[in-house]
Amino acid sequence: WGKYAFQGHYTGFRIVNIAAPAKPKQVSFTECFGNQGDVVVWGDILVRSWNSPATGTGSSQLSCDGEPVPLGWEGLHIFDISDKTNPVLVGDVELSARPEADMPGCGSHTATLVPDVENGRVLVYNQTSGGPCPFISIIEIPLDAPEDAKWLRDEPLEEGGACHDSSVILG
């Protein structure tokens, strides 16, 4: 995004200044100790995937940006990256098991972001890691209030199974 590159992984994500391609410089590293770690970025919003239920007990509980992650939680973490030197966790969308809807926990394996600037939001098409999750979850993130991100619906896949990556053609 502009002069910055973003790299997500199992222990968090980093932001790298690539304005001088021969001499990239790490701007920040944000710890988020959870499975997967794919990231998507739009403007000052970064979304990070968390694929498997959070584990741990007491002092060994997993955390993201210093915040404890509840046991069993999986889904998407939303960060404000307006200060690239200090990204801030501002919200999350839980995609854990929903017994009331007879839905298994599916988490977020990969994500695809689609801008919808005319409506003041971005949409994230969330792909699960497979198993009993034959759908793509659609998440809405308001551009002026990313902390209010929410799950909109699950869209079934015609062939069943799961989807690893999605492509989007704009325009």
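The values are calculated or read from the model by the stated rules, or taken from the named source; none is laboratory data. Predicted model only: the values in this text are computed from it and were never measured. In this analysis, Cβ positions are derived from the backbone assuming ideal geometry, glycine residues included, and neighbour counts consider all displayed protein chains. These accessible areas exclude ligands, DNA and RNA; they are computed on the full protein's heavy atoms, side chains included. Shrake-Rupley method; radii C 1.70, N 1.55, O 1.52, S 1.80 Å.
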- Give, rounded to the nearest 20 debye, the magnitude of the charge dipole that the chain has about its Cα centre when Lys and Arg contribute +1 at Cβ and Asp and Glu contribute -1 at Cβ. 800 debye
- Just the isolated ones, please: cysteines in the chain lacking another cysteine beta carbon under 4.7 angstrom. C163
- How do the peptides 67-76, 148-157 rank, highest first, by the average count of neighbouring beta carbon atoms within 10 Å per residue? 67-76, 148-157
- Query: Just how many pairs of Lys in the chain have C-alpha atoms closer than 20 Å, counting pairs that are eight or more places apart or on different chains?
  - Reply: 5
- Carbon/sulfur accessible area of the chain, % of total, 1.4 Å probe, equals 51 percent
- Item | Sequence-distant residues sharing a close amide H with I45 (under 5 Å, placed H) | I81
- Non-local residues with an amide H under 5 Å from the amide H of Q36, with H modelled 1.01 Å from N and Pro and chain starts lacking one, are N51
- With x for Gly and Pro, the residue-by-residue ³J(HN,Hα) of region 33-47, computed from phi through the Karplus equation 6.51 cos²θ - 1.76 cosθ + 1.60 at θ = phi - 60° and given in whole Hz, is 7, x, 4, 5, x, 4, 10, 10, 9, 9, x, 9, 10, 10, 10
- Item | Highest-first arrangement of 10-23, 105-118, where packing means the average Cβ count within 10 Å | 105-118, 10-23
- √(5λ) per eigenvalue of the Cα gyration tensor, the chain, largest first, Å: 25, 20, 15
- Item | Residue of P146, P132, P24 that the Gaussian network model of the chain assigns the largest fluctuation, springs spanning Cα pairs under 10 Å | P24
- Task: Report the net charge of residues surrounding V168, where surrounding means a beta-carbon distance below 14 angstrom and charges are Lys +1, Arg +1, Asp -1, Glu -1.
- Result: -3
- Message: Below 8 Å between Cα atoms, with a sequence gap of 6+, how large is the relative contact order for region 1-92 in percent?
- Response: 23 percent
- Query: For the pair S82 and W1, how long in nm is the line joining their label points, each one 7 Å along Cα→Cβ?
  - Reply: 1.3 nm
